[in-house]
Amino acid sequence: MQKYLLLRNPGHNRVYYLESEKLALAELTLTARRFEQPCHHIESIDLAGINYLAFTVEQILSERELTWVSNLSFVLALFKHSGDEDHPTLQPVELTPRSYVDPKISMLLKYSGKTNEIFTRLMINVGLISSDFQFDDPVQMLDPVSGKGTTLFEGAIRGFDVTGIEMERKLVHETTIFFKRFLEQEKYKHDLLKNAMYASSAGSEAFIQLFEYARNKQDFKSESSRKHLAIIAGNAIHSRRYFKAEKFHLIIGDLPYGIAHGNVSQKKHNSRTRSPAELMETSLPEFQKILKTGGSLVLAWNTFVWPREDFVELLTKTGFQVLAAEPYDQFTHRVDQSIKRDIVVARKD
């Protein structure tokens, strides 16, 4: 038997770190389901005044298992544990995270209301774990409420092809400028294509900014080795107009909290609303069509403005299989006095 200890990243947000132990245990428990061997005794322990998350496996982690552990949202360091309680020995284990784009991109991006990138990473990991897919697959990921692109950049770090939909054209422009500068500064070979995607007399036009990029000129020459990041100035309720059926492996999004974010209401003649429920009523049927069979959807929202049971009911009516058993019910946490955030995870089977 081999015991491992995980040291958590202190992160950049003290409030999130204090709430994160429960979330990290839930993420680790789900990740262990992808191991090729049984995993036991997943728990939080203190050793010499330092908190770790511990787990035990029958043999040392395989290369694939180590990849899953290395990509946990919270992991800072991994150790093999040996010896007894009075004389423990910790041996560092080199992590092997996926990082096609330098992870610093998410930390460079700073703005008011930004979701903590560690939490964004958690949502992506939970989505991938809960799907039929893995890191080695050519994952296509959609963020239907992409804002300034934190979720897109976290997907790009993992080497996914990512697409965002954002209504505010100002945010689309700012995200495009930010990513272009990053690629230039980091010397990625890239092209930026700008095209109209869809237009109608009803005012549902959409425009796409599509980056094709690679680490070097040689990789850029091959279509199969180029990566893609696209941002659509459009509306998530028209997703099926933008994409073919069964396009995406993952749909990951941080919905309007009903506090500082908004979306366009179709029921109120395109007036501004902060209702995640209204957005989902019109968007979930579209998401059902564009998500691959075996793919998963992970959405975060403020439970103070929309009860979880109502969200689950709507997902079920739309044809999704909601994953609700433990530890999927362990992700709720307080952000501030007006926001109690949770995530819902659902599959298309």
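Scanning segment 91-137 for residues that are touching an Asp or Glu at 6+ places or on another chain (Cβ under 7 Å) and not in a helix (DSSP H, G or I) returns Asp102, Thr115. Name every residue in segment 275-302 that is loosely packed, with under 15 Cβ neighbours inside 10 Å and among the β-branched types (Val, Ile, Thr), in order of residue number. Listed by number, the list holds a single entry, Thr293.
Among Phe135, Phe119, which is surrounded by fewer than 21 Cβ atoms within 10 Å (Cβ to Cβ), within 14 Å of the chain's Cα centre (by Cα) and under 27 Å from Arg33 (Cα atoms)? Explain how you work it out, then say what you get.
Numbers: Phe119 fails: surrounded by fewer than 21 Cβ atoms within 10 Å (Cβ to Cβ).
Only one candidate passes the filter, namely Phe135.
So for segment 1-12 (the condition being part of a loop (DSSP other than H, G, I, E, B), more than 22 Å from Thr332 (Cα to Cα) and at pLDDT below 95), does at least one residue qualify? Yes: segment 1-12 contains one or more residues that are part of a loop (DSSP other than H, G, I, E, B), more than 22 Å from Thr332 (Cα to Cα) and at pLDDT below 95. When restricted to residues that are in contact (Cβ under 8 Å) with a residue 60 or more places away in the chain and out of contact with any strand residue (DSSP E or B) (no Cβ under 8 Å at 6 or more places or on another chain), segment 156-167 contains 1. Residues that are free of Cβ contacts under 8 Å to residues at least 40 places away in the same chain, of a type in the set (Asp, Glu) and over 28 Å from Gln330 (Cα atoms) within segment 87-140 comprise just one, Glu94.
Any idea which of Phe153, Phe178 is buried (at least 18 other Cβ atoms within 10 Å of the Cβ), assigned by TED's automatic domain parsing to the domain that holds Arg241 and in contact (Cβ under 8 Å) with a residue 24 or more places away in the chain? Lay out the reasoning, then the answer.
Numbers: Phe178 fails: buried (at least 18 other Cβ atoms within 10 Å of the Cβ).
Residue meeting the stated conditions: Phe153.
The set of residues in segment 28-51 that are under 15 Å from Leu5 (Cα atoms) and charged (D, E, K, R) comprises Glu43, Asp46.
Here Asn263 meets the list (1) in contact with a strand residue (DSSP E or B) (Cβ under 7 Å, 6 or more places away or on another chain); (2) within 23 Å of Leu152 (Cβ to Cβ); (3) modelled with pLDDT of 90 or more; (4) of a type outside the set (A, V, I, L, M, F, W, C) almost entirely, failing just condition (3).
The helices (runs of 4 or more DSSP H) located wholly in segment 159-242 that include 3 or more residues which are closer than 30 Å to Gln134 by Cβ and not hydroxyl-bearing (Ser, Thr, Tyr) occupy 169-185, 217-221.
Apart from one condition, Thr56 fits all of (1) surrounded by 15 or more Cβ atoms within 10 Å (Cβ to Cβ); (2) closer than 29 Å to Ser106 by Cα; the exception is (2). Test of understanding: among Leu122, Leu108, which residue is assigned by TED's automatic domain parsing to the domain that holds Glu326 and touching a helix residue (DSSP H, G or I) at 6+ places or on another chain (Cβ under 6 Å)? One residue alone meets the criteria, Leu122.
Residue-wise test of (1) in the same structural domain as Phe160 (by TED's automatic domain parsing); (2) touching a Phe, Trp or Tyr at 6+ places or on another chain (Cβ under 8 Å); (3) surrounded by 14 or more Cβ atoms within 10 Å (Cβ to Cβ).
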| position | (1), (2), (3) |
| --- | --- |
| Leu7 | no, yes, yes |
| Cys39 | no, yes, yes |
| Ile50 | no, no, no |
| Leu61 | no, yes, yes |
| Glu65 | no, yes, yes |
| Phe74 | no, no, yes |
| Ser82 | no, no, no |
| His87 | no, no, no |
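The residue that is surrounded by the most Cβ atoms within 10 Å (Cβ to Cβ), counting only those in segment 158-175 that are under 17 Å from Ile252 (Cα atoms) and out of contact with any Ser or Thr (no Cβ under 7 Å at 6 or more places or on another chain), is Val162.
Among the candidates Val139, Val145, Val126, the residue that is closer than 17 Å to Tyr242 by Cβ and not aromatic (Phe, Trp, Tyr) is uniquely Val145. Comparison of Ala54, Ala26 shows that the only residue that is outside the structural domain of Asp137 (by TED's automatic domain parsing), small (Gly, Ala, Ser), closer than 30 Å to Asp137 by Cα and part of a strand (DSSP E or B) is Ala54.
The values are calculated or read from the model by the stated rules, or taken from the named source; none is laboratory data. The structure displayed is predicted, hence computed values, not measured ones. Backbone-built Cβ (ideal geometry, glycine too); neighbour counts: all protein chains shown.
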